[in-house]
Amino acid sequence: MNLFASAIDWILDPANYVGLNAIPLRIGQHLVFSLVTVLIASAIAIPLGYLIGHTGRGRGLAVTTSGGLRAIPTLGLLTLVALWVGIGVVAPYVALTVLAIPPILAGAYTGFEAIDRRTVDAARAVGMSELQIVRKVEVPLGLPLLIGGLRSATLQVIATATLAAYVADLGLGRYLFSGLKTRDYAEMLGGSILVILLALALEGIFALIQRFVVPRGVSGRLDTAPTLRTGSPTAAR
Amino acid sequence: MFTITRGRLALVSAVAVGAVVALAGCASGDPLDEGNSSADSETLVVGSQDYYSNEIIAEIYAQALENGGFTVDRQFRIGQREAYLPEIESGSIDVFPEYSGSLLQALEADAAGGSPDEVYTALEAALPDGLTVLDQADAADQNSWTVTQAFADTYGLTDIASLTEVTEPITVGGNSELETRPYGPTALKEKYGIEIAGFTPVEDSGGPLTVKALVDNKIQLANIYTADPNIESNNLVALDDPDNLFFPDNVVPLVSDKVDASAAEILNAVSAALDTDTLVALNAQSVNDQAAADTIATEWLTAEGLI
């Protein structure tokens, strides 16, 4: 408990709010780094996942590959990439993107796969083109699972982005490494607490988003009277 | 709907497996606890730093002791000095390859430097009760401020003080604890007036990432150990240190009371045979040939006729 108290003291110490190692600066770096990583991973994984989910092709390959990606130790990959491109932010970006791709990819294609085939067939039957089916039926209906994937990816990236400090002057990981090596456990625990708080905050935000992206008519909130006005296939259920 | 159910099931199984793995991780907890409980009077616990060269020396000690009839419990790769020193002081570890100057500075922050023998004498006095150092080896593996040959040529660098001649900004790279070490960037500024533009953390203790950063000119000044074979193979220069900014760091076995006269004799014989060139050669087998510490140790001990 004593250590915990000193960690809180460390977080509240005004001396840790000035200069190049200030807590708000490190939190900002950590957050920007994590969000950019998730964006890059999304740009790769979402289109790919949608393609797999819509066509139903390449699913086996995607499952195997993303399973393989999940098994790669991030620190090992980080070191390997850093030996190739040098120290700095590039290696952490690559390593963490690899970490973030599998959950987003899975969220994207399972989102499509979870849709009742009859819904998609109905959309096709009313004359929607394949692109319209994707845009108007599959994407909105698959959104909750995709957000779930993004949520899990963000959580993993926030927690693992501490590794960026292994090769770059970046993020909350700096406190963990320097605290560990100099036996300053208040700093180390304080840094960890900040990472946890950041992860929880983003979890909260994603939980909210996940509630709001559920299209009307598919959620458990059916009692809120789905409108039939649009005649959209989603309301047919 | 079937897909969703299956997805849920997979999720539940994944969580369950994750929990089991996490719990298993907790159960194996602190590796030193095990060492404590299994240690009896005949078992000597040999530890090593989280540094490949230190592990090779520890393995040499361990194999030499085993050859002398002792039972050895290896607790290697424990961490940096801050992490393992309390374990040695508490008696959990009996034999540890140490470096005289760095150990002295860890025990006495305001210790004076000097020649290897002066540091050794000071170290003997500084050790807490129950701990002793055996004979020190000629082999030294010191901290150094290292630059590339090209950088040294550009500014005519020879020793640390000559870094004041450098006109471009100098970025220092190394483990994050380097920032607060007594020979760190602050000391460079206060002692020599060398302006350090920035500090880049590279947390591999002067390993391949640090060397690459130096060669790539992403950092200009790095803390690399003098027995590192990378210095030669990458055309680096360890700057001379005439003022003993770095303490002499000769390899010395730090031992507990459980190490008796016959064990001490074995370790002293090892130290007598170990010089810096030998150490660099042993390190090179690890770095360049990727040989395992136990193989390197066995080969060397056999060649020296120690086992």
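Any read-out appearing in this document is the output of simple, stated calculations on the displayed coordinates, not a laboratory observation. Just so it is clear, the model here is predicted, and its values are computed rather than measured. In this analysis, Cβ positions are derived from the backbone assuming ideal geometry, glycine residues included, and neighbour counts consider all displayed protein chains.
Please arrange A:MET128, A:MET188 by how many other C-beta atoms lie within 10 Å of their C-beta, fewest to most.
Going from sparsest to densest Cβ surroundings: A:MET128, A:MET188.
Can you compute the modelled spin-label distance between A:ASN21 and B:GLU304, with each label point 7 Å from Cα toward Cβ, in nm?
3.9
With the contact rule set at Cα under 8 Å and sequence spacing of 6 or more, what percent relative contact order holds for the stretch B:145-238? Don't skip to the answer; put the middle values down first.
Numbers: 137 pairs, mean separation 36.9, N = 94.
Result for the stretch B:145-238 is 39 percent.
Stretched out fully, how many nm does the piece from A:PHE4 to A:LEU61 gain, at 0.36 nm a residue minus the Cα gap?
On the way: separation 57, 0.36 × 57 = 20.52 nm, distance 4.63 nm.
So the extension gain works out to 15.9 nm.
Other chains near A:178-187: what is the mean number of their Cβ atoms within 10 Å of each residue's Cβ?
5
Please compute the contact order of chain B in relative form: average sequence separation of alpha-carbon pairs under 8 Å and at least six residues apart, divided by the residue count, as a percent. Don't skip to the answer; put the middle values down first.
Details: 495 pairs, mean separation 78.8, N = 307.
Value for chain B: 26 percent.
Quick one: A:PHE177, A:PHE212, fewest Cβ neighbours within 10 Å first, how do they rank?
Least crowded to most crowded, the residues run A:PHE212, A:PHE177.
Say R0 is 51 Å: what FRET efficiency, to the nearest 0.05, do B:VAL215 and A:GLU130 get from their beta-carbon distance?
0.45
Provide Rg and Dmax in Å for the stretch B:176-231, with only Cα atoms included in the calculation.
11.5, 31
Of A:ILE104, A:GLY190, A:PRO47, which is farthest towards the positive pole of chain A's charge dipole, taken about the Cα centre with +1 and -1 on the beta-carbons of Lys, Arg and Asp, Glu respectively?
A:PRO47
When only C-alpha pairs under 8 Å and at least 6 residues apart count, what is the relative contact order of the stretch B:185-253, in percent?
17
Per residue of chain B, what 222 nm ellipticity follows from adding -39500 (n - 2.57) for every DSSP H run with n ≥ 4, rounded to the nearest 500?
One gets -14000 deg cm²/dmol as the mean residue ellipticity at 222 nm.
Please label the shape of the stretch A:24-217 as rounded, prolate or oblate, based on the square roots a ≥ b ≥ c of the eigenvalues of the alpha-carbon gyration tensor (a/c under 1.5 means rounded; beyond that, a/b larger than b/c means prolate, else oblate).
prolate
Based on alpha-carbon positions alone, could you give the equivalent ellipsoid semi-axes of chain B from the gyration tensor, as √(5λ), descending, whole Å?
In descending order the semi-axes read 35, 31, 19 Å.
For a quick check, take a GNM of chain B with Cα springs below 10 Å and name the residue from B:ALA238, B:ALA227, B:ALA111 with the largest mean-square fluctuation.
So, out of B:ALA238, B:ALA227, B:ALA111, the one fluctuating most is B:ALA111.
Could you work out how far apart the two model spin labels at B:ASP277 and B:GLU168 are, taking each label as a point 7 Å from the Cα in the direction of the beta carbon, and quote it in nm?
3.5
For the stretch B:145-238, just list the percent of Cα-Cα distances falling in each 5 Å bin from zero outward, please.
Values per bin, smallest distances first: 3, 15, 28, 28, 20, 7, 0.
Could you size up the charge dipole of chain B around its Cα centre, putting +1 on the beta carbon of Lys and Arg and -1 on that of Asp and Glu, and report it in debye to the nearest 20?
On the way: 11 positive and 50 negative charges, 332 e Å.
Its charge dipole is roughly 1600 debye.
Under the rule a/c < 1.5 gives rounded, and otherwise a/b versus b/c splits prolate from oblate, where does the stretch B:142-298 land using the Cα gyration tensor? Walk me through the numbers on the way to the answer.
On the way: a/c = 2.27, a/b = 1.73, b/c = 1.32.
Prolate, since a/c reaches 1.5 and a/b exceeds b/c.
Report the one residue of B:VAL133, A:PRO215, B:ASN54 whose Cα lies farthest in the direction of the positive end of the charge dipole of the protein assembly as shown (charges on C-beta: Lys and Arg +1, Asp and Glu -1; origin at the Cα centre).
Positive-end residue among those listed: A:PRO215.
So how do A:LEU197, B:LEU127 line up by other beta-carbon neighbours within 10 Å, fewest first?
Result, fewest neighbours first: A:LEU197, B:LEU127.
Return the Rg/Rh ratio of the protein assembly as shown with Cα-based radii and a Kirkwood Rh.
1.07
Enumerate the helices in chain A for which the Kyte-Doolittle hydropathy averages -1.0 or more and the C-alpha atoms extend at least 20 Å along the helix's axis, using complete DSSP H runs.
Length and hydropathy pass: A:23-55, A:90-113, A:139-160, A:185-213.
How well do other chains shield peptide B:198-207, expressed as the mean number of their Cβ atoms within 10 Å of each residue Cβ?
Whole-number average of other-chain Cβ neighbours for B:198-207 is 5.
Mean-square fluctuation check for chain B, GNM, Cα pairs under 10 Å: which of B:ASN54, B:ASN230, B:ASN288 is largest?
B:ASN288
Just from its helices, what would the mean residue ellipticity at 222 nm be for chain A, if runs of 4 or more DSSP H residues each count -39500 (n - 2.57) and the sum is divided by every residue, rounded to the nearest 500 deg cm²/dmol?
-23000 deg cm²/dmol
Of the beta bridges DSSP finds with both residues in the protein assembly as shown, what % are antiparallel, to the nearest 5? Numbers along the way, then the final one.
Values: 14 of 27 bridges.
Of all bridge pairs located within the protein assembly as shown, approximately 50 percent are antiparallel.
Taking beta carbons within 10 Å but only from partner chains, what does the mean come to for residues A:83-93?
3
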